[in-house]
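Enquirer: One structure, pasted below without further comment.
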Amino acid sequence: MSERIACLGAGRMGRGIAVVFAYAGHEVALVDLKPRESADFARLAAEATVDVSGIFEMLARIGLMDAAHVETLASRVRVVPEGEAAEALGAADVVFEGVPEVVDLKREALARASALTRPDAIIASTTSTILVDDISGAVERPERFLNAHWLNPAYLVPLVELSPGEATDPAVTERLKALLEGVGKVPVVCAPRPGYIVPRIQALAMNEAARMVEEGVASPEDLDRAIKYGFGFRFAVLGLIEFIDWGGGDILYYASRYLTQALGDERYRAPEIVERNMREGKIGMKTGQGFRDYAGMDVKAYQAERLAEFAAMLRQLGLGKPPVV
């Protein structure tokens, strides 16, 4: 039996999440919690419906589905007015809150939703900035509440960052992970810290790129080419932590010391964990221990597998040309 999904708010995030679940066979209610005149609601519903259909049409154009199925998939998403919220939320197994990033608005929406849902329904905020325990107090039975941070566009980016709160039942986190995996997403769990995982790393990288343009290091065009064909190419196969172990934590340690001195900025300094790993000889694959334990692993086979993934990416980019013989 498929889970019944409700999204609080019919904006961009709610529509994107609705597309994900409708694509995977679920019925989705986009619940508008704002009281509106009938004509205003009709305009909102029409806009959301057209947008959802448009996303499915776009997915068909880029080859992710058959255009003949657009109408069927779009019909699984319905926009529900405030007056019918109780019925829609009462029937939902999982509710995603997607109202604007204002604490009071979110707390108000969550309080109302939690009063209308069944006690066993999961409630997840999709906030990109507010920590879970800053709003969990508004939820009745907060053990069923956590943050689920989707990356835009939600219907294409696989990652969803789950951030449980102090009161979140671990079984609820596992249940939501399983649901997300079932619709083709890749959920990860992170502590409730500002920036989650990707936005925190992304902010550093984007600011550094902008700073390099400002300093005249390279043109915006060349910087973007470097990111796409170097940074992005590499880290589409290897994770950042995985790459530290791959190349060796000693390389990061010495590179960080050089950049800190050469650029006169402490932001390049390696964190204590890198320095501690150096002291303890946990350099990575070449010592059998780094951030991960490689004891008992066939490292050569593992490396060959990753290199094959790089080769596949080269071919996909049209850069994997045959040798000149």
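Enquirer: Please report the Cα spread of the range 173-325 along all three principal axes, rounded to whole Å, starting with the longest.
Expert: For the range 173-325, the Cα spread along each principal axis is 46, 45, 38 Å.
Enquirer: Among F233, A205, F56, pick out the residue whose Cα is farthest towards the positive end of the charge dipole of the chain, where Lys and Arg carry +1 and Asp and Glu carry -1 on C-beta, about the Cα centre.
Expert: About the Cα centre, the residue reaching furthest to the positive side is F233.
Enquirer: Give the range of the longest stretch in the chain that excludes all chymotrypsin sites (Phe, Trp or Tyr not before Pro) found in loop regions by DSSP and having at most 16 other beta-carbon atoms within 10 Å. Walk me through the numbers on the way to the answer.
Expert: Working: sites that count: F291, Y294.
Longest gap between qualifying sites, sites excluded: 1-290.
Enquirer: For the range 170-267, which GluC sites (Glu not before Pro) are both in a DSSP coil and crowded by at most 16 other Cβ atoms within 10 Å?
Expert: Numbers: sites: E174, E181, E208, E214, E215, E221, E242, E266; in loops: E215.
Those that pass, being in a loop and sparsely packed, are E215.
Enquirer: Now a separate question. Considering only the chain, what is the antiparallel percent among its DSSP beta bridges, to the nearest 5?
Expert: Restricted to the chain, the bridges split so that about 25 percent are antiparallel.
Enquirer: Give the share of C-alpha pairs in each 5 angstrom bin for the range 5-189, from 0 to the last occupied bin, in whole percents, shortest bins first.
Expert: 1, 9, 18, 22, 22, 16, 8, 4, 1, 0
Enquirer: Another question about this same structure. Could you work out [θ]222 nm for the chain from helices alone, using -39500 (n - 2.57) per DSSP H run of at least four and dividing by all its residues? Round to the nearest 500 deg cm²/dmol. Mind showing how you got there, number by number?
Expert: Details: 13 runs with 151 residues, N = 325.
After summing the helix terms and dividing by residue count, I get -14500 deg cm²/dmol.
Enquirer: With a 10 Å cut-off between alpha carbons and a GNM built on the chain, which of I241, I17, I197 moves the most?
Expert: I241
Enquirer: Compute the projected area of the convex hull of the Cα atoms of the chain, averaged over all viewing directions, and report it in nm² to one decimal place.
Expert: Details: hull surface 89.6 nm².
Value for the chain: 22.4 nm².
Enquirer: Each label point is 7 Å from the Cα along the Cα-to-Cβ direction; what then is the distance between the points at E140 and A236, in nm?
Expert: Here the answer is 4.8 nm between the modelled labels.
Enquirer: Quick one: in the range 139-208, what % of C-alpha pairs are over 21 Å apart?
Expert: 29
Enquirer: Just flag the GluC sites (Glu not before Pro) in the range 40-138 sitting in loop per DSSP whose Cβ has no more than 13 other Cβ atoms within 10 Å. Don't jump to the answer; show the numbers that get you there.
Expert: Values: sites: E47, E57, E71, E82, E84, E87, E97, E101, E108; in loops: E101.
Passing sites in the range 40-138 are E101.
Rule-based calculations on the coordinates, nothing more; no lab input. From a predicted model like this one, the values you see are computed outputs, not experimental measurements. As a convention, Cβ positions derive from the backbone with ideal geometry for all residues, glycine included, and neighbour counts pool all protein chains shown.
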